[in-house]
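Structure first, then comments.
The values are calculated or read from the model by the stated rules, or taken from the named source; none is laboratory data. Treat the numbers as computed from the prediction; the structure is a model and nothing was measured. Please note: Cβ atoms are built from the backbone with ideal geometry, for glycine as well, and neighbour counts cover all protein chains shown. Note: accessible area is taken over every heavy atom of the protein model, side chains too, but ligands, DNA and RNA are not part of it. Shrake-Rupley method; radii C 1.70, N 1.55, O 1.52, S 1.80 Å.
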Amino acid sequence: MSSLKSKILVVATDLFQTRGINSTGVDTIVAVAGTTKMTLYKYFTSKENLILEVLEKGHQDFQSWLSEQLNSNVKKPSDKLQKLFEFIEEWVTSPNFRGMGFIKASAEFPNEESPIHQLSSEQSRQFRQFISSLATEAGIHDADGLALQLSLIFEGAVQAEQMKRGSGAMKYAKKASKILIDSALTN
(Lines give C-alpha, C1' and ligand atoms only; values in the text may rest on other atoms or scores of the structure.)
Protein backbone atom coordinates (compact mmCIF):
# COMPACT_ATOMS: atom_id res chain seq x y z
CA MET A 1 0.00 0.00 0.00
CA SER A 2 1.38 3.41 -0.89
CA SER A 3 2.29 5.70 1.97
CA LEU A 4 -0.20 8.33 0.76
CA LYS A 5 -3.06 5.81 0.62
CA SER A 6 -2.06 4.62 4.09
CA LYS A 7 -2.01 8.23 5.36
CA ILE A 8 -5.49 8.86 3.95
CA LEU A 9 -6.76 5.70 5.68
CA VAL A 10 -5.22 6.76 9.01
CA VAL A 11 -6.63 10.28 8.75
CA ALA A 12 -10.09 9.04 7.70
CA THR A 13 -10.11 6.48 10.53
CA ASP A 14 -9.27 9.16 13.08
CA LEU A 15 -11.83 11.63 11.74
CA PHE A 16 -14.58 9.03 11.43
CA GLN A 17 -13.95 7.88 15.00
CA THR A 18 -13.78 11.37 16.51
CA ARG A 19 -16.29 13.30 14.37
CA GLY A 20 -18.52 10.62 12.92
CA ILE A 21 -18.60 9.20 9.43
CA ASN A 22 -21.47 11.26 8.03
CA SER A 23 -20.16 14.42 9.69
CA THR A 24 -16.76 14.09 8.03
CA GLY A 25 -16.64 15.28 4.45
CA VAL A 26 -14.07 14.45 1.82
CA ASP A 27 -12.88 18.07 1.93
CA THR A 28 -11.96 17.68 5.60
CA ILE A 29 -10.20 14.37 4.98
CA VAL A 30 -8.03 15.72 2.17
CA ALA A 31 -7.25 18.93 4.10
CA VAL A 32 -6.08 17.01 7.18
CA ALA A 33 -4.21 14.44 5.05
CA GLY A 34 -2.52 17.25 3.09
CA THR A 35 -3.62 15.93 -0.29
CA THR A 36 -6.25 16.57 -2.94
CA LYS A 37 -9.63 15.09 -3.81
CA MET A 38 -8.15 13.82 -7.04
CA THR A 39 -5.54 11.84 -5.11
CA LEU A 40 -8.13 10.51 -2.64
CA TYR A 41 -10.31 9.33 -5.53
CA LYS A 42 -7.28 7.74 -7.19
CA TYR A 43 -7.05 5.34 -4.24
CA PHE A 44 -10.73 5.22 -3.24
CA THR A 45 -13.35 5.56 -5.96
CA SER A 46 -15.88 7.07 -3.54
CA LYS A 47 -16.31 8.07 0.07
CA GLU A 48 -18.28 4.87 0.52
CA ASN A 49 -15.30 2.80 -0.65
CA LEU A 50 -13.05 4.73 1.75
CA ILE A 51 -15.45 3.97 4.61
CA LEU A 52 -15.51 0.27 3.66
CA GLU A 53 -11.68 0.11 3.63
CA VAL A 54 -11.49 1.90 6.98
CA LEU A 55 -13.92 -0.64 8.45
CA GLU A 56 -12.04 -3.58 6.91
CA LYS A 57 -8.69 -2.40 8.23
CA GLY A 58 -10.03 -1.67 11.72
CA HIS A 59 -11.69 -5.06 11.95
CA GLN A 60 -8.61 -6.90 10.67
CA ASP A 61 -6.34 -5.01 13.06
CA PHE A 62 -8.58 -5.82 16.05
CA GLN A 63 -9.01 -9.48 15.13
CA SER A 64 -5.27 -9.90 14.52
CA TRP A 65 -4.41 -8.25 17.84
CA LEU A 66 -6.95 -10.32 19.77
CA SER A 67 -5.91 -13.60 18.11
CA GLU A 68 -2.25 -12.84 18.80
CA GLN A 69 -2.98 -12.08 22.46
CA LEU A 70 -4.92 -15.31 22.89
CA ASN A 71 -2.50 -17.53 20.98
CA SER A 72 0.69 -16.20 22.51
CA ASN A 73 -0.49 -15.95 26.12
CA VAL A 74 -2.89 -18.86 26.58
CA LYS A 75 -2.59 -22.54 25.63
CA LYS A 76 -5.71 -24.42 26.80
CA PRO A 77 -8.85 -23.80 24.70
CA SER A 78 -11.02 -23.28 27.80
CA ASP A 79 -8.52 -20.73 29.14
CA LYS A 80 -8.62 -18.84 25.83
CA LEU A 81 -12.36 -18.48 26.22
CA GLN A 82 -11.93 -17.34 29.85
CA LYS A 83 -9.20 -14.82 28.91
CA LEU A 84 -11.13 -13.37 25.95
CA PHE A 85 -12.79 -10.62 27.97
CA GLU A 86 -9.60 -9.82 29.88
CA PHE A 87 -7.88 -8.96 26.61
CA ILE A 88 -10.93 -7.07 25.36
CA GLU A 89 -10.97 -5.10 28.63
CA GLU A 90 -7.29 -4.28 28.08
CA TRP A 91 -8.17 -2.97 24.60
CA VAL A 92 -11.21 -0.97 25.78
CA THR A 93 -9.32 0.68 28.64
CA SER A 94 -6.29 1.60 26.52
CA PRO A 95 -5.83 5.29 25.67
CA ASN A 96 -6.12 4.46 21.95
CA PHE A 97 -9.60 2.97 22.26
CA ARG A 98 -12.10 4.77 20.06
CA GLY A 99 -14.82 2.20 19.84
CA MET A 100 -15.66 -0.54 17.42
CA GLY A 101 -16.03 0.59 13.83
CA PHE A 102 -18.80 -1.81 12.89
CA ILE A 103 -20.95 -0.67 15.81
CA LYS A 104 -20.57 3.01 14.97
CA ALA A 105 -21.00 2.48 11.23
CA SER A 106 -24.18 0.42 11.63
CA ALA A 107 -25.68 3.25 13.69
CA GLU A 108 -24.79 5.86 11.07
CA PHE A 109 -25.95 3.67 8.17
CA PRO A 110 -29.07 1.91 9.50
CA ASN A 111 -30.47 0.98 6.07
CA GLU A 112 -29.87 -2.75 5.73
CA GLU A 113 -29.36 -2.32 1.97
CA SER A 114 -26.33 -0.05 2.52
CA PRO A 115 -23.01 -1.75 1.74
CA ILE A 116 -21.62 -0.11 4.89
CA HIS A 117 -24.40 -1.57 7.04
CA GLN A 118 -23.97 -4.95 5.37
CA LEU A 119 -20.22 -4.97 6.08
CA SER A 120 -20.87 -3.92 9.68
CA SER A 121 -23.35 -6.76 10.07
CA GLU A 122 -20.87 -9.19 8.53
CA GLN A 123 -18.10 -8.07 10.88
CA SER A 124 -20.38 -8.58 13.87
CA ARG A 125 -21.18 -12.07 12.55
CA GLN A 126 -17.46 -12.80 12.06
CA PHE A 127 -16.71 -11.80 15.63
CA ARG A 128 -19.51 -14.07 16.88
CA GLN A 129 -18.06 -16.88 14.75
CA PHE A 130 -14.63 -16.23 16.27
CA ILE A 131 -16.11 -16.64 19.76
CA SER A 132 -18.03 -19.73 18.63
CA SER A 133 -14.84 -21.35 17.36
CA LEU A 134 -13.15 -20.68 20.72
CA ALA A 135 -16.17 -22.22 22.48
CA THR A 136 -16.12 -25.25 20.18
CA GLU A 137 -12.41 -25.80 20.87
CA ALA A 138 -13.19 -25.60 24.60
CA GLY A 139 -15.80 -28.35 24.24
CA ILE A 140 -18.88 -26.16 24.76
CA HIS A 141 -22.01 -28.04 23.66
CA ASP A 142 -23.95 -24.95 22.44
CA ALA A 143 -21.00 -22.93 21.12
CA ASP A 144 -23.16 -20.75 18.85
CA GLY A 145 -25.55 -19.92 21.69
CA LEU A 146 -22.71 -18.95 24.02
CA ALA A 147 -21.09 -16.93 21.22
CA LEU A 148 -24.31 -14.97 20.70
CA GLN A 149 -24.61 -14.26 24.43
CA LEU A 150 -20.97 -13.15 24.73
CA SER A 151 -21.08 -11.00 21.60
CA LEU A 152 -24.19 -9.23 22.90
CA ILE A 153 -22.37 -8.50 26.14
CA PHE A 154 -19.27 -7.38 24.23
CA GLU A 155 -21.14 -5.07 21.84
CA GLY A 156 -23.19 -3.55 24.66
CA ALA A 157 -20.12 -2.90 26.81
CA VAL A 158 -18.19 -1.40 23.89
CA GLN A 159 -21.17 0.85 23.11
CA ALA A 160 -21.34 1.97 26.74
CA GLU A 161 -17.61 2.75 26.73
CA GLN A 162 -17.95 4.65 23.43
CA MET A 163 -20.64 6.80 25.02
CA LYS A 164 -18.78 7.33 28.31
CA ARG A 165 -15.16 6.38 28.78
CA GLY A 166 -14.46 4.74 32.11
CA SER A 167 -18.09 3.71 32.61
CA GLY A 168 -17.01 0.38 34.09
CA ALA A 169 -19.21 -1.45 31.60
CA MET A 170 -16.38 -3.71 30.52
CA LYS A 171 -15.59 -4.74 34.09
CA TYR A 172 -19.18 -5.91 34.54
CA ALA A 173 -19.26 -7.45 31.06
CA LYS A 174 -16.23 -9.50 32.05
CA LYS A 175 -18.00 -10.71 35.22
CA ALA A 176 -21.15 -11.63 33.28
CA SER A 177 -19.16 -13.43 30.61
CA LYS A 178 -17.31 -15.45 33.26
CA ILE A 179 -20.61 -16.65 34.71
CA LEU A 180 -21.86 -17.70 31.26
CA ILE A 181 -18.57 -19.39 30.31
CA ASP A 182 -18.29 -21.24 33.64
CA SER A 183 -21.86 -22.45 33.30
CA ALA A 184 -21.28 -23.59 29.70
CA LEU A 185 -18.08 -25.41 30.66
CA THR A 186 -19.82 -27.40 33.39
CA ASN A 187 -22.81 -28.44 31.25
Worksheet item: Per residue of the chain, what 222 nm ellipticity follows from adding -39500 (n - 2.57) for every DSSP H run with n ≥ 4, rounded to the nearest 500?
Response: -25500 deg cm²/dmol
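Please arrange HIS141, HIS117 by accessible surface area, largest first, computed with a 1.4 Å probe and ligands excluded. Walk me through the numbers on the way to the answer.
Numbers: HIS141 175, HIS117 35 Å².
Largest accessible area first, the list is HIS141, HIS117.
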Worksheet entry | Separation of the LYS37 and LYS5 label points, Cα + 7 Å toward Cβ, nm | 2.2
Worksheet entry | Alpha-carbon centroid distance for the pair the stretch 1-20 / the stretch 46-66, whole angstrom | 10
Discussion item. Normalised by the empirical 2.2 N^0.38 Å for globular proteins, what value does the Cα Rg of the chain take?
Written reply: 1.12
Worksheet item: Can you list the trypsin sites (Lys or Arg not before Pro) in the stretch 1-85 that are in a DSSP coil and have 13 or fewer other beta carbons within 10 angstrom?
Response: LYS75
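Step through the table entries LYS80/LYS164; LYS83/LYS171; LYS47/LYS104; LYS42/LYS104; LYS7/LYS83; LYS57/LYS174, compare each Cα-Cα distance with 24 Å, and write down the pairs that go over it.
Working: LYS80/LYS164 28 Å; LYS83/LYS171 13 Å; LYS47/LYS104 16 Å; LYS42/LYS104 26 Å; LYS7/LYS83 34 Å; LYS57/LYS174 26 Å.
With Cα atoms farther than 24 Å apart: LYS80/LYS164; LYS42/LYS104; LYS7/LYS83; LYS57/LYS174.
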Worksheet, complete the sentence: So GLN60 and LEU180, fully extended at 0.36 nm per residue minus their Cα-Cα distance, gain in nm 40.5 nm
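Between ASN49 and LYS76, what's the calculated FRET efficiency when r is the beta-carbon distance and R0 is 41 Å? Round to 0.05. Please report the intermediate quantities before stating the final value.
Details: r = 42 Å, r/R0 = 1.02.
After rounding to 0.05, the efficiency reads 0.45.
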Practice prompt. Set the Förster distance to 35 Å, then compute FRET efficiency between SER67 and ASP14 from the Cβ-Cβ distance, nearest 0.05.
Written response: 0.90
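Relative to the Cα centre, what is the charge dipole magnitude of the chain, using +1 at the beta carbon of each Lys and Arg, -1 at the beta carbon of each Asp and Glu, and rounding to the nearest 20 debye?
Working: 21 positive and 21 negative charges, 104 e Å.
Roughly 500 debye, rounded to the nearest 20.
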